Amino acid sequence: MAHHQNIVILTGAGVSAESGLGTFRDAGGIWTKYDLEEVATPEGFARNPALVHEFYNARRANCLDAHHNEAHTALGRLQAEHPGRVTLITQNIDDLHERGGATGVVHMHGELLRALCAACAHRWDAPREMDPTAPCPSCNAAATRPDIVWFGEIPYHMDEIYSLLTEADLFVAIGTSGTVYPAAGFVSEARAMGIATLEINLEPSEGSALFDRTLHGPATETVPEWVEGVLGA
Ligand code: NAD
Ligand code: APR
């Protein structure tokens, strides 16, 4: 950690892949099985809320039944050993970073375990299975949805994320294909500010050429190895 005072880490589906939660664009990924337009857009939700709830109820059950892995634990340890100097931003909607010991995780695409009322913006902890007909516990409107950012919507916490990036001296992307914006643009923002960049991914991603360094291999091996190196520095 000696060389870096402030590390900002962005994670994607790849960090939870070995916990059995699917990725999106790998072979057999989620978007090869479901039509993204039907289950991950506001238009799809307006057309058929029951289908969208069915999709996210299945993913919520997978998430609740899954276990965090060595990559999540290693990142939690890195944060714990250097309080206030390691921030985790995730595109993932699972809670495996938290179960691995991380705190203050910035969920830019929302959280599977949270529910949102589209009418009054009330948020609450989602039950294992959300009932599409259940009214909002606050305003009683029949407009409850998973608290997740869909395509075409603005990701959460963007002001906070850009301010975190300006303070960083190392930006690390772990387990993301680098295809979906704005997350895919963070490495270019970091480079423009002269911040060192590292990609840790199973294989080269669309953004690999933009990183100063890349580590390839499964996250449960590469992330603990990298964390050991940082803590030992
Ligand atoms: P975007 O335009 O930034 O991303 C679109 C990407 O999604 C494309 O690069 C492509 O890789 C993929 N894509 C688009 N259509 C697809 C299809 N039919 N099949 C497979 N892949 C497809 O997305 P946006 O509209 O700007 O989204 C805004 C934000 O919402 C982004 O940050 C996005 O990641 C987020 N989001 C979250 C979820 C979720 O399940 N949490 C789902 C969708 C979008
Ligand atoms: N270890 C490390 N990386 C892995 C592993 C693993 N075991 N398995 C897969 N990967 C890598 C893949 O090589 C790929 O680059 O994880 C990445 C997963 O990419 P995607 O499936 O595109 O997931 P992600 O980048 O998180 O998608 C971004 O798109 O659909 C939206 O909002 C959704 O948050 C998601 C966003």
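The values are calculated or read from the model by the stated rules, or taken from the named source; none is laboratory data. Owing to the predicted nature of the structure, the values given are computational and were not obtained by experimental measurement. Because the Cβ atoms are built from the backbone with ideal geometry, glycine has one as well, and the counts that use them run over all protein chains shown. Only protein heavy atoms, including side chains, enter the accessible area calculation; ligands, DNA and RNA are left aside. Shrake-Rupley method; radii C 1.70, N 1.55, O 1.52, S 1.80 Å.
Some observations on this one:
- Comparing 139, 233, 216 along the charge dipole axis of the chain, the residue lying farthest to the positive side is 139, per the Cβ-charge model.
- Spin-label pair residue 203-residue 131: with each label point 7 Å from Cα along the Cα-Cβ axis, the two points sit 4.5 nm from one another.
- Distance between the 7 Å Cα→Cβ label points at residue 47 and residue 123: 2.8 nm.
- Debye intensity ratio I(q)/I(0), log10, the range 115-160, q values 0.15, 0.25, 0.32 Å⁻¹ (C-alpha model): -0.40, -0.91, -1.19
- Principal-axis analysis of the Cα atoms of the chain puts helix 70-81 at an angle of about 70° to the longest axis.
- Along principal axes, Cα extents of the range 1-50, largest first, whole Å: 53, 24, 15
- Per residue, the accessible area of the range 39-152 comes to 43 Å², computed with a 1.4 Å probe over protein heavy atoms only.
- Sorted peptide list for 169-179, 186-196, criterion being average Cβ within 10 angstrom, highest first: 169-179, 186-196
- On Cα atoms only, tilt of 158-167 relative to the major axis of the chain in degrees: 10 degrees
- Carbon plus sulfur fraction of accessible area for the chain, probe 1.4 Å, in percent: 52 percent
- Net charge of Cβ neighbours under 14 Å - reference residue 117; Lys, Arg +1; Asp, Glu -1: 0
- Our estimate of slack between residue 143 and residue 6, defined as 0.36 nm per intervening residue step minus the Cα-Cα distance, is 45.3 nm.
- With only Cα atoms counted, the chain has Rg and Dmax values of 17.8, 55 Å.
- The length gained on full extension between residue 58 and residue 212, counted as 0.36 nm times the residue separation minus their Cα-Cα distance, comes to 51.6 nm.
- Normalised by the number of residues in the chain, the mean separation of alpha-carbon contacts (under 8 Å, six or more apart) gives a relative contact order of 24 percent.
- With N counted as the residues of the range 150-202, its alpha-carbon radius of gyration over 2.2 N^0.38 Å works out to 1.15.
- For the chain, the Cβ-based charge dipole about the Cα centre amounts to some 280 debye (Lys, Arg positive; Asp, Glu negative; other atoms uncharged).
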